[in-house]
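The values are calculated or read from the model by the stated rules, or taken from the named source; none is laboratory data. As the structure is a computational prediction, the values presented were derived from the model and not from experiment. Reconstructed Cβ throughout: ideal geometry from the backbone, glycine too, with neighbour counts over all protein chains shown. Surface accessibility is based on the protein's heavy atoms, side chains included, excluding ligands, DNA and RNA. Shrake-Rupley method; radii C 1.70, N 1.55, O 1.52, S 1.80 Å.
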Amino acid sequence: MQIDTSNTSRLDTLFVRSKILESYNDSTRRFVAIDSVKIIRGEFASANQKSIFYNDANRIETFKKEGETDQPIIWFEDSQLVGDSIYIHLNENRLEWIDVKNKSIIISKNENYDWRYDQISGEQIKLFFNDTTIARTEVFNNVLSIYYFFEEGEPSGLVKSSAQRGKIIFEDGKVVDVRLYVSPISEFHPENLVKGVEREFTLPLFKLYGNRPVKTELIKLIRERNE
C-alpha cells in the first residue's frame, strides 16, 4: 500500500497485491509484481500476471505471462480494457494516457441497462484522459465497433462498424462523436431488431471478467497480515 498526498484535495492510495514482489534500485528504479497481481487506485483497477512500476518514468506496464492466454485487464469506472500488454502513463501521479496493444478491446456498460455494451476492438487502442475523465480514444488496424443509440433517454437501436482506424470523442465521460477512417463500413440495426436479443450483438473478442479487485478486500487482507 502506497499513500499519495501530492494532491492535497484528494488522498489517492495505491494498493498492489501479488504472490511475488520485487524492488530494483538500479538505473531504471522499478517495482515488479508477479503472479495473480491485483491493483487498485481510485476508480482504476487491474488484474494481471505481471506489472512493472517505473518510479522515475511515471509509467506502469502490465503483461500476460509467456505461454499463457490470460490477458491483463483494466477497469476504469464502467469500462473494461483488455489486451496482451497495457502501458499506463502518468503525469504527476495522475492518469494521462493508456496504450493497449494486441487483441485489444474496450467494453463499456450502459448503467441503465443490464446487457447493452458499447464495444470497440483493434490491434492497438490509445485512451487519453483529461484529469481523471476520458477525453479521447484512438483505435488502429482491424477496427470493429458496436455502439448503442438513445433518443431522449430511450433506446433506438445500434450501429455495427468496421474500419482501419477510429476515433471516439467524449464529453463528461459520455461518447459524443465516433469517427471511422479508411474503408469504413457501418450498418444500423433498429430497436425492434435489437430489443431482447442484445447478447447476439458482441464482437469476437468480447468477454466480461468478474474478478475486478475490490478495495475493501485488499484493506482487509492488509489488516489481517498486520495483526
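Spot the failing condition for residue 162; the list is (1) open to solvent by 30 Å² or more (accessible area, probe 1.4 Å); (2) under 17 Å from residue 207 (Cα atoms); (3) at pLDDT 90 or above, and only one is missed.
(2) is the only condition that residue 162 fails.
What tally of residues in segment 11-28 results from selecting those that are modelled with pLDDT under 85 and either surrounded by 11 or more Cβ atoms within 10 Å (Cβ to Cβ) or touching a strand residue (DSSP E or B) at 6+ places or on another chain (Cβ under 8 Å) (or both)?
5
Could you figure out which of (1) over 16 Å from the mean Cα position of the chain (by Cα); (2) among the hydroxyl-bearing types (Ser, Thr, Tyr); (3) over 19 Å from residue 123 (Cα atoms) isn't true of residue 69?
That leaves (3) as the condition not met.
Please state which of the following conditions residue 97 fails to meet, knowing it meets all the rest: (1) open to solvent by 50 Å² or more (accessible area, probe 1.4 Å); (2) of a type outside the set (Gly, Ala, Ser); (3) more than 12 Å from the chain's Cα centre (by Cα).
The single condition residue 97 does not satisfy is (3).
Given (1) in contact with a Leu (Cβ under 6 Å, 6 or more places away or on another chain); (2) in a strand (DSSP E or B); (3) hydrophobic (A, V, I, L, M, F, W, C), identify the lone condition not met by residue 127.
(1)
Can you report the number of residues in segment 172-188 which are part of a strand (DSSP E or B), within 23 Å of residue 76 (Cβ to Cβ) and open to solvent by 70 Å² or more (accessible area, probe 1.4 Å)?
Residues flagged as part of a strand (DSSP E or B), within 23 Å of residue 76 (Cβ to Cβ) and open to solvent by 70 Å² or more (accessible area, probe 1.4 Å) within segment 172-188 amount to 3.
Check 40, 106, 60, 88 and return the single one that is closer than 30 Å to residue 157 by Cα and crowded, with 18+ Cβ neighbours inside 10 Å.
The conditions single out 106.
Report yes if some residue within segment 158-171 is of a type in the set (Asp, Glu) and either closer than 25 Å to residue 197 by Cβ or not in a strand (DSSP E or B) (or both); otherwise report no.
Scanning segment 158-171 turns up no residue that is of a type in the set (Asp, Glu) and either closer than 25 Å to residue 197 by Cβ or not in a strand (DSSP E or B) (or both).
Tell me which residues, restricted to segment 73-85, are open to solvent by 20 Å² or more (accessible area, probe 1.4 Å) and either aromatic (Phe, Trp, Tyr) or outside any strand (DSSP E or B) (or both).
Answer for segment 73-85, where residues must be open to solvent by 20 Å² or more (accessible area, probe 1.4 Å) and either aromatic (Phe, Trp, Tyr) or outside any strand (DSSP E or B) (or both): 76, 77, 78, 84.
Determine which member of the set 87, 117 is aromatic (Phe, Trp, Tyr) and either at pLDDT below 90 or under 23 Å from residue 24 (Cα atoms) (or both).
87
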